[in-house]
Amino acid sequence: MKRNKITIVGAGNVGAAAAQIAATMELGDIVLIDIVKGLAEGKALDIAEAAPVRLYDFNVQGTLDWAQTAASDIVIITSGLARRPGMSRDDLLAKNVQIVKQVSEKIAEYSPESFVIVVCNPLDAMVYTAAKVTGFPKNKVMGMAGALDSARFCSFLASELGVSVEDVKCVLMGGHGDDMVPLPRFTSVSGIPLTDLLGEDKIAELIERTRNGGIEIVNLLGTSAFYAPAAGAVKMAEAIIKDKKTVVSCCAYCDNEYGSGGHFVGVPAVLGKNGVEKIIELDLNKAEQAQFDQSLAHVKQLAAKVDELV
Ligand SMILES: NC(=O)c1ccc[n+]([C@@H]2O[C@H](COP(=O)([O-])OP(=O)(O)OC[C@H]3O[C@@H](n4cnc5c(N)ncnc54)[C@H](O)[C@@H]3O)[C@@H](O)[C@H]2O)c1
């Protein structure tokens, strides 16, 4: 029986963390690729040398050579510049669009049947770039942001309420930016609506912290987060590989859903062996839809910039 093959493009902070998480979860053989000589090879070797301790039997290989990535089942794109203090995600567009374009051409050439999970920022615009350049079916190209933003919101809520993170479930929508749309009405603690457990002011405070969750880490580290983003990307890969039908907030192609009119944007979706198998359409109230529309308008502006560049 064939093993799954996962290529992770970019062996920097997010890419290496994703490789390590995927290896310990035994999701498949992993190829880490970067343009910096020695980087992917060194990190892959280090992860492979942990295998006898952590007891995983899959291959972890680092390379500069795209031929080694051939026939991957899943490709996770983490190659791109990360934010520094004072930068917005949008400031990365001009540089990262060129990197994602070049990488997407290679993916289409070497792994034409693969599913693509994009992590680079600005996220929604980079997913659009990868879909446009690969020409892959839209259910096979998606972006990781909602999994991270939801995880941040859930972790803040669990800590505030003094409950297990396992019990907190939430939905987050919109673009991956300061105008993301957390939805307290669709957030619960083991089935108990969040709004029964916390007051409006406290919820608003934690939503604000979630919106600023990225920059909070950038200001502490001088670069962007990587453990939680990597965990989010691997969760999406796992859902596809194991055909789990996981409901996860992610950047997915919406045709008419939420009135988005043919754009990649953050929505709750079911991920399984066919990639994005279904977009879940929540019955948003007027205020929630207005927030989503505002976020979508921003996503559309960035997609228009991609069209000028690619
Ligand atoms: N979606 C999210 O929620 C989220 C969260 C965190 C980071 N990010 C984004 O993920 C990206 C990676 O972040 P990071 O912290 O790992 O950055 P990093 O600088 O640590 O790593 C990026 C790596 O990509 C490599 N690279 C550049 N061009 C390449 C190419 N053409 N082919 C192969 N490799 C190439 C670089 O050499 C580098 O090693 C950034 O764009 C960042 O903004 C997104």
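Connecting C-alpha atoms closer than 10 Å in a GNM of the chain, tell me which of LYS300, LYS37, LYS245 has the biggest fluctuation.
Residue with maximal mean-square fluctuation among LYS300, LYS37, LYS245: LYS37.
Translational D (Stokes-Einstein, µm²/s) of segment 57-194 at 25 °C and 0.890 mPa s when Rh comes from the Kirkwood sum over C-alpha pairs?
146
If you put +1 on each Lys and Arg Cβ and -1 on each Asp and Glu Cβ, how big is the dipole of segment 87-141 around its Cα centre, in Debye rounded to 20?
That gives segment 87-141 a dipole magnitude of about 40 debye.
Counting heavy atoms of the protein chains only and a 1.4 Å probe, report the per residue accessible area for the chain as a whole number of Å².
Value returned for the chain: 44 Å² of accessible area per residue.
Count the net charge of all other residues whose Cβ sits under 15 Å from the Cβ of LEU197, scoring Lys and Arg as +1 and Asp and Glu as -1.
-3
Quick one: angle between helix 286-309 and the longest Cα principal axis of the chain, in degrees between 0 and 90, rounded to 10, please.
For helix 286-309, the angle is close to 30 degrees.
Quote the Stokes-Einstein diffusion coefficient, in whole µm² s⁻¹, for segment 136-203, based on the Kirkwood radius over alpha carbon pairs, a temperature of 4 °C and a viscosity of 1.567 mPa s.
100
Which of LYS132, LYS244, LYS43 moves most in a GNM of the chain, Cα contacts under 10 Å?
So, out of LYS132, LYS244, LYS43, the one fluctuating most is LYS244.
Decide, for segment 170-262, between rounded, prolate and oblate: order the square roots of the alpha carbon gyration tensor eigenvalues as a ≥ b ≥ c, take rounded if a/c falls under 1.5, and otherwise choose prolate if a/b is larger than b/c, else oblate.
rounded
May I ask what percent, to the nearest 5, of DSSP beta bridges between residues of the chain are antiparallel?
Among the beta bridges of the chain, antiparallel pairing accounts for roughly 50 percent.
Relative to the first principal axis of the alpha-carbon coordinates of the chain, what is the inclination of helix 39-49, with its axis defined by its Cα atoms, in degrees from 0 to 90 and to the nearest 10?
Rounded to the nearest ten degrees, it is 90.
Using the C-alpha gyration tensor of segment 1-41, what are the square roots of 5 times its eigenvalues, in whole angstrom, with the largest one first?
Over the Cα atoms of segment 1-41, the semi-axes work out to 19, 11, 6 Å.
Mind checking which of GLY213, ILE203, ALA239 is farthest towards the positive end of segment 201-310's charge dipole, using Cβ charges of +1 (Lys, Arg) and -1 (Asp, Glu) about the Cα centre?
Result: ALA239.
Using amide H atoms built 1.01 Å from N in the peptide plane, name the residues 5+ places from VAL116, or on other chains, whose amide H lies under 5 Å from its own.
Sorted by chain and number, the residues that satisfy this are VAL75, VAL141, MET142.
Alpha carbon centre of segment 133-158 versus segment 1-80: separation in Å?
Between the Cα centres of segment 133-158 and segment 1-80 lies a distance of 20 Å.
Taking K and R as +1 and D and E as -1, what net charge do the other residues with C-beta under 15 Å from the C-beta of LEU32 add up to?
Overall, the nearby charge balance is -2.
³J(HN,Hα) across segment 264-269 via Karplus (A = 6.51, B = -1.76, C = 1.60, θ = phi - 60°), whole Hz, x for Gly/Pro?
8, 8, x, 8, x, 9
Please compute the contact order of the chain in relative form: average sequence separation of alpha-carbon pairs under 8 Å and at least six residues apart, divided by the residue count, as a percent.
Worked out over the chain, it gives 18 percent.
Measuring from the lowest to the highest alpha carbon on each principal axis, how far does the chain reach, largest first, in angstroms?
The principal-axis extents, from largest down, are 52, 47, 41 Å.
Rg (Å, one decimal) plus Dmax (Å, integer) for the alpha carbons of segment 211-310?
Cα radius of gyration and Dmax of segment 211-310 are 15.5, 40 Å respectively.
Between the helical axis of 146-161 and the dominant principal axis of the chain, each derived from Cα atoms, what acute angle in degrees is found, rounded to the nearest 10?
With rounding to tens, the tilt is 50 degrees.
With charges set only on the Cβ (+1 for Lys and Arg, -1 for Asp and Glu), what does the dipole of the chain come to about its Cα centre, in debye to the nearest 20?
Here the size comes out at about 540 debye.
Ignoring any ligand, DNA or RNA, what whole percent of the accessible area of the chain comes from carbon and sulfur when the probe is 1.4 angstrom?
52
Identify, among GLY86, VAL60, ALA44, the residue whose Cα sits farthest towards the positive end of the charge dipole of segment 22-101, taking +1 on the Cβ of Lys and Arg and -1 on the Cβ of Asp and Glu, with the dipole about the Cα centre.
The listed residue farthest towards the positive side: GLY86.
The values are calculated or read from the model by the stated rules, or taken from the named source; none is laboratory data. Keep in mind the model is a prediction, meaning the values are calculated, not measured. Don't worry about glycine lacking a Cβ; one is built from the backbone with ideal geometry, like all the others, and counts go over all protein chains shown. All accessible areas refer to the heavy atoms of the entire protein, side chains included, with ligands and DNA or RNA removed. Shrake-Rupley method; radii C 1.70, N 1.55, O 1.52, S 1.80 Å.
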